[in-house]
Structures are given as structure tokens and as C-alpha cells.
Amino acid sequence: MLILCIILALSFDFLNGFNDSAALVATVVSSRALSPRVALRLAALGEFLGPFLFGVAVAKTIGSDLLTSQGLTLTVILASLLSAIIWNLVTWYFGIPSSSSHALVGGLIGSAVLASGISVVKWAGITKIAVALMISPPLGLLAGYLLTKLVYLLSRRATPRVNSLFRGLQVFTSFGLALTHGANDAQKTMGVITLVLLLEGIIPTFRVPLWVIMASATSIALGTSIGGWRQIKTLGGRIFRVRPVHGVASQLGSAVVIAGAALLGGPVSTTQVVSSSVLGAGAAERLSKVRWHVGQEMLTAWLLTIPATMGISALFYVLINWIVA
């Protein structure tokens with residue numbers, strides 16, 4: 001069970017990188033600042049380095065601030081990981097940008113509540129996570145909007161050649177976004193694996209070992225290097241026609257929001273933040289340019305994620321107990 005949980009946690013991490021690669025490279029690919037292959041390799045490097053640079057605050061939130069020790073067992077964690085993985089695969093198949101953070105949180109709550117009741121939930125931790133997940137998309141929208149307006153203001157007298165400058169800047173903003181994504185999202189896997197080690201008595205306190213950081217960083221980087229092309233098409237083309245100026249503004253705005261959340265210990269959905277920032281960048285130019293129905297489709301998927309993964313996790317919990325009984 002211990003080994004299986006670690007394998008599934010790293011698999012979830014891999015799929016997280018695979019799914020969220022769209023959020024990292026969609027704008028830089030759509031604006032033709034980088035080729036898809038180069039963009040994904042650059043993002044993978046940022047994903048690998050990120051977990052080593054921003055601490056482990058998010059890992060602590062996921063691993064110790066969500067549920068009480070009475071509600072945590074290997075079966076609960078196993079069921080939650082399976083539900084999150086299934087949800088990631090389903091949303092990838094249909095090309096829907098979804099939240100791995102929502103999926104993992106929903107999975108943990110669903111199996112734990114079924115196993116031990118609602119009393120195992122730490123409401124202070126739930127509030128912290130909920131606030132981070134809820135306010136980060138509006139902050140991304142606002143950041144994308146304001147930064148696009150600022151860039152337009154600063155370059156109002158520039159010639160069309162300024163697009164070459166923006167394409168060059170996108171290389172740096174794309175890498176910075178990947179750094180912050182790796183810092184935030186890989187920590188979720190780090191938190192789960194550290195929690196498993198703590199439950200089995202392998203470590204005395206909740207302290208993330210270096211090998212866990214290394215394994216999580218490697219898994220998410222590998223997933224990113226392959227890329228979820230269905231989501232890249234959605235984020236890069238279906239929302240509106242992304243140009244280099246939009247890419248710079250949306251990536252920079254997203255990176256600031258995600259980095260702040262990582263430092264404060266708030267797990268956020270990178271896909272949500274980047275998608276909202278892209279919407280904000282498009283709205284800054286003209287509201288009618290944005291295909292708002294695409295944003296509504298993504299919002300529906302995000303709202304469904306937690307209740308869906310809670311239910312799937314509960315079913316897996318029952319199934320696992322039936323198998324091992």
C-alpha cells in the first residue's frame with residue numbers, strides 16, 4: 001500500500017504536468033514566439049527547478065492542514081489519488097482545462113468523510129484552500145487586464161516591430177510561469193507522499209525529505225515535456241486570437257499570482273489562473289474579441305471537479321476496502 005500510494009502520487013504529479021502544460025505554453029505557442037517542442041522543453045526545465053526555490057508551504061497545507069490524523073489512512077489517500085487521476089484523464093480526453101488542485105482536495109475529502117465522518121475535516125485549512133482557489137482566478141483576470149493595458153500604454157507610439165520584442169520577452173515570462181507552477185503544483189504531490197511516510201512511521205514529523213522534492217519535481221517536469229495538446233488548443237486559440245503582447249501580459253500576471261500563493265501556502269489551479277489571465281488580456285483590448293462561452297465551459301468543469309472527485313473517491317474507498325477485506 002505504501003509503495004502503491006507513492007507510485008500513484010507521482011503518477012498524479014506526472015498527469016498534473018501533462019494537463020497543465022497547456023496553461024504554460026499555449027500563449028507562447030499561439031503567438032509563435034516559440035515552437036511547441038522548444039516551449040515544452042523550456043517549461044519542463046522551469047517545472048523541475050521551481051520546487052527547489054519556493055519552499056514547502058503548499059505541501060504543508062495539503063499534508064497537514066486539510067484533515068485530522070483520525071481521517072487519514074493509506075486507503076483514504078489511495079482512493080483520493082485514484083479519483084484525481086481518473087478525473088485528470090477524463091478532462092484531458094475531452095480537451096477541458098481542469099484543476100488538479102480541485103481534484104486532489106475533492107478526492108481527499110470524499111474518501112476521508114466516508115471513512116470517518118465530517119468531523120475529520122479541518123475547517124480552518126479548508127477555508128484557507130477555498131480562499132486560495134476562489135480568489136486566484138479573479139486576481140489572474142485582473143492582472144491580465146491591467147498588465148495588458150499597461151503594456152499598450154507604454155508601447156502606444158511603437159512600430160509593429162515591437163512584436164519582436166514581445167516575442168523575446170515571452171521566452172522569459174513563459175519560463176517564469178513554469179517556475180511558479182512547479183513550485184505550487186509539485187508541492188501537492190510532495191505533501192501527499194510526506195503524509196504517507198508520516199502515517200507509516202518512516203519519518204517522525206511532517207518534514208519533506210529531499211528525495212521527495214526531487215521525485216516530485218522530476219515527475220511533473222516529465223509530464224510537462226510531453227504536453228496536453230488538446231488543452232493547448234483550447235487555451236491558445238478558442239478563447240481569442242493571442243498575440244505576443246497578450247502572451248507577455250497574461251504570463252507575467254499569472255506568474256505573480258501563482259508565486260504569491262506558493263509563498264503563502266495556498267494551493268491554486270494554474271489552469272484557472274492562466275485561463276483567467278488570458279481572458280483579462282483579451283478583454284483589455286476589446287470585450288467582443290473574447291469568446292466568453294469557452295470561459296463558461298471551463299467554469300462549469302471547475303465547479304464540477306470537487307463534487308465529482310468526492311464521489312469518485314468515495315466509490316474507490318468502498319471498492320478498495322471490499323478488495324482487501
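The values are calculated or read from the model by the stated rules, or taken from the named source; none is laboratory data. If you're wondering where the values come from, they're calculated on a predicted model, not measured in any experiment. For neighbour counting, all protein chains shown are included, and Cβ atoms are generated from backbone atoms with ideal geometry for every residue, glycine included.
Does Val273 satisfy the criteria of being among the hydrophobic types (A, V, I, L, M, F, W, C), within 21 Å of Gln187 (Cβ to Cβ) and either at pLDDT below 80 or part of a helix (DSSP H, G or I) (or both)? Spell out how you get there, then give the answer.
Working: among the hydrophobic types (A, V, I, L, M, F, W, C): yes; within 21 Å of Gln187 (Cβ to Cβ): yes; either at pLDDT below 80 or part of a helix (DSSP H, G or I) (or both): yes.
Answer is yes for this residue.
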**OP:** For the stretch 106-135, name all the residues that are modelled with pLDDT under 85 and of a type in the set (Gly, Ala, Ser).
**Re:** Ala124, Gly125, Ala130, Ala132
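Okay, residues lined up against (1) under 21 Å from Gly140 (Cα atoms); (2) touching a helix residue (DSSP H, G or I) at 6+ places or on another chain (Cβ under 7 Å); (3) part of a loop (DSSP other than H, G, I, E, B); (4) at pLDDT below 75:
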| site | (1), (2), (3), (4) |
| --- | --- |
| Phe206 | no, yes, yes, no |
| Ser216 | no, yes, no, no |
| Ser225 | no, yes, no, no |
| Arg230 | no, yes, no, yes |
| Phe240 | yes, yes, yes, yes |
Subject >> Residue list for the stretch 172-204, restricted to those being of a type in the set (Val, Ile, Thr), assigned to a helix (DSSP H, G or I) and under 25 Å from Thr75 (Cα atoms) >> reply: Thr189, Val192, Ile193, Thr194, Val196
**OP:** Output the number of residues of the stretch 163-193 satisfying the condition of being within 16 Å of Thr218 (Cα to Cα) and of a type in the set (S, T, N, Q).
**Re:** 4
Subject >> Some residue of the stretch 290-313 being modelled with pLDDT of 85 or more, surrounded by 17 or more Cβ atoms within 10 Å (Cβ to Cβ), in contact with a Gly (Cβ under 8 Å, 6 or more places away or on another chain) and more than 27 Å from Ile258 (Cβ to Cβ) >> reply: no
**OP:** Spot the failing condition for Ala33; the list is (1) touching a residue at least 40 places away in the same chain (Cβ under 8 Å); (2) part of a helix (DSSP H, G or I), and only one is missed.
**Re:** (2)
